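Below is one structure, written out as structure tokens; the observations come after it.
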Amino acid sequence: MADNLTISIDCNPGSSPLPIAAVTRRSMLGGAGIAVGAAVLASTSSVSGIAPAAAQAVSADSRPLDAAFKRRAFEVRGICASNNEKIPVAPHPANGDEARYTNKIGSDSRGLPHDKRGEVAPEAWQALYTACQSGDPADFEKIPLGGTRKLINPLGTLAVSLCGINPTQIGIPPAPALASAERAGEAVEVYWQSLLRDVPLTELRDDTSNRDVLAATEEINKLADFRGPKSGGRVTPGTLFRANALYFDAGDPKGRSVTPPGVLDGPLISQFLLRDAPYATQWISAQIRTASPASEFLTDYDEWLAIQNGAAPKRQLQFDATPRYITTARDLAEYIHAGPALGWAAALLLATPGGGADKRYSGIYPPAEPVSYPSNPYRKSKTQGPGGGSFGLPYVQALLATGISNSVRASYWQKYFVHRAVRPEAYGALAHHRLANGVSDYPLHDDFLESEALARSKAKYGTYLLSQTYPEGAPFHSTYPGGATGVGAVTATILKAFFDESRVIANPVQPDPADPTRLVPYDGPPLTVGGELNKLAVNFGFGRNWAGIHWRSDASASMAIGEEVAICMLRDERATLREPFDGFSFTRFDGSRVTI
């Protein structure tokens, strides 16, 4: 474990006509926090005792400062572009399933027309493949669809991001192959997740007595190839369904798997999802609308095939009448169903001064305890404070918004132009045909076909299909890597670059399993800002595994993608800033330190 490794990334190897500044987490907020650092503008006539300034003659001559600023803007853009261009195209190994199976059973084909077995029409697949090879918008318009739903944003991945690097410059390992033991292990896990969606997440602890949690733990430990977090070499109830991150490794075809700091500590749900977020004169409630346990979909074969072909769902979610905190995995799956502003809320909680009488309008830390790093230039300045232009909350929010878009581009590019890997819902149909209909040429591993998880699911739903919490199933793009996790990862990384991740979160909470409309204190090892931001990232991505639409490897690989997108954005951003500072510094998901 490289906990003490520090990597310095020089964003500006050449000389610059004006000084280039850097940012750290603590340094980012002013002494009273980001939110209170904005300048207050007033007209001179409204200030008592100050005479209006005399009118100045208008000059057409350019001032030296203006010309220098213009020249620096041009040179910084050139330096950033030059540095990014020097980063080579990354290796993009695939799992070989697309060439291995002529009927494309190992590839994602949802939204295209299929036969009664759910196998894609060859001409439709060829049209998709042709478009993914050319990148030509006209070729994507020629793809035959099987229903009314459309493919999600393939051309958006080809947009040029003006901040950071190109998606082709980020590498991830290949997705697990269809017939592999690793994919079978992921299938066993996701079927157990579907069975345990309504168990309180507080039961995922080592001293649990919940028989289903213990059964899942026991079976996953027997798998030939399972890459989730372990304790003492074994999966425990406390590590069950927790997250890992997966980095490309030239020496290991399966990649380098790590457990991000903090994700095994305390409740599975991040503290940033359990606190009301202040939003100026408003607030964002941490209680959510939850789906009822009756909301299970795609276990009927006709319904599954219709969705596979691109039909709109005929059934809809049913919701509980009373909002509550995220208490079960079904709650988490529904929370991330429509892309919530989780990073926005976390930034508000960290940047808004705390200590108000009404906690809904207060952040986590009071003004006297700013959560920024001491090296923030505005912590040191005697005359200036941060604002929307740099280092203030609007600045951070702007980076978050851009980072989300850039990470989606990077993840979706891999989905369309490299991997096109099969979704869990389609894998489950292969198992259904294999076991219920005697289709012998679907080569799934025995670790899954003979699993207790699959047998229990069949007994509960009547088919071997994987239960989904969303009536529409998964979005129409391939499974690997996960877009949502990339969003969570870029969000967590940007926030760690601006806020002191070592700070302990005071008075941590968790939902009361007996009454999920209230919170109760969490009493356990300390929880830190960095650990809970890492947990926020994995909640966003791995929550979709609970919904049934993603594999573990989808989420793990996108952790590295989102982090790399953020690092490259921050490298470019650092070159643009004028304030003197020591650079962005934070802990990566693998525990190493990086300074930009």
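The values are calculated or read from the model by the stated rules, or taken from the named source; none is laboratory data. Just so we're clear, the structure is a prediction, and the values are computed from it rather than from any experiment. Note: ideal-geometry Cβ built from the backbone for every residue, glycine included; neighbour counts use all protein chains shown. These accessible areas exclude ligands, DNA and RNA; they are computed on the full protein's heavy atoms, side chains included. Shrake-Rupley method; radii C 1.70, N 1.55, O 1.52, S 1.80 Å.
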Note, ³J(HN,Hα) from phi for segment 531-548, Karplus 6.51, -1.76, 1.60, rounded to Hz, x at Gly and Pro: x, 6, 5, 4, 5, 4, 4, 6, 4, 5, x, 5, x, 6, 5, 4, 6, x
Within the accessible area of segment 201-316 (1.4 Å probe), percent carbon and sulfur: 48 percent
Calculated log₁₀ intensity ratio I(q)/I(0) where the Debye formula runs over C-alpha points of segment 467-596, q = 0.12, 0.14, 0.17 Å⁻¹: -0.59, -0.76, -0.98
Kirkwood Rh, Cα atoms: Rg over Rh of segment 329-409: 1.05
For segment 373-415 and segment 225-301, distance of Cα centres in Å: 25 Å
Rounded to whole Å, sorted largest first: equivalent-ellipsoid semi-axes of the chain, Cα gyration tensor: 44, 29, 22
Computed [θ] at 222 nm, deg cm²/dmol, the chain (DSSP H ≥ 4; -39,500 (n - 2.57); rounded to nearest 500): -11000 deg cm²/dmol
Accessible surface of segment 62-146 [probe 1.4 Å, protein heavy atoms]: carbon and sulfur percent: 59 percent
26 Å Cα-Cα threshold exceeded, pairs from LYS116/LYS150; LYS150/LYS314; LYS116/LYS254; LYS104/LYS222; LYS230/LYS415: LYS116/LYS254; LYS104/LYS222; LYS230/LYS415
Dipole magnitude of segment 477-596, debye to nearest 20 (Cβ charges: Lys/Arg +1, Asp/Glu -1, about Cα centre): 140 debye
Order by protection proxy (mean Cβ within 10 Å, highest first), peptides 85-96, 289-300, 353-364, 413-424: 413-424, 289-300, 353-364, 85-96
Whether segment 525-596 is rounded, prolate or oblate, judged on the alpha carbon gyration tensor where a/c under 1.5 counts as rounded: prolate
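How would you rank 324-337, 380-393, 511-524, highest first, on the average number of other Cβ atoms within 10 Å across their residues?
Taking the mean over residues of other Cβ atoms within 10 Å, the ranking is 324-337, 380-393, 511-524.
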Rg and Dmax of segment 93-172, Cα atoms only, in Å: 14.4, 46
Distant-in-sequence amide H partners of ALA421 (H built 1.01 Å from N, under 5 Å): ASP108, THR479, TYR480
Amide H contacts under 5 Å for SER295, placed H, 5+ residues apart: GLN318
Three semi-axes of the equivalent ellipsoid, segment 166-266, Cα gyration tensor, whole Å, largest first: 26, 16, 12
Mean accessible surface per residue for the chain, computed with a 1.4 Å probe while every protein chain stays in place, in Å²: 41 Å²
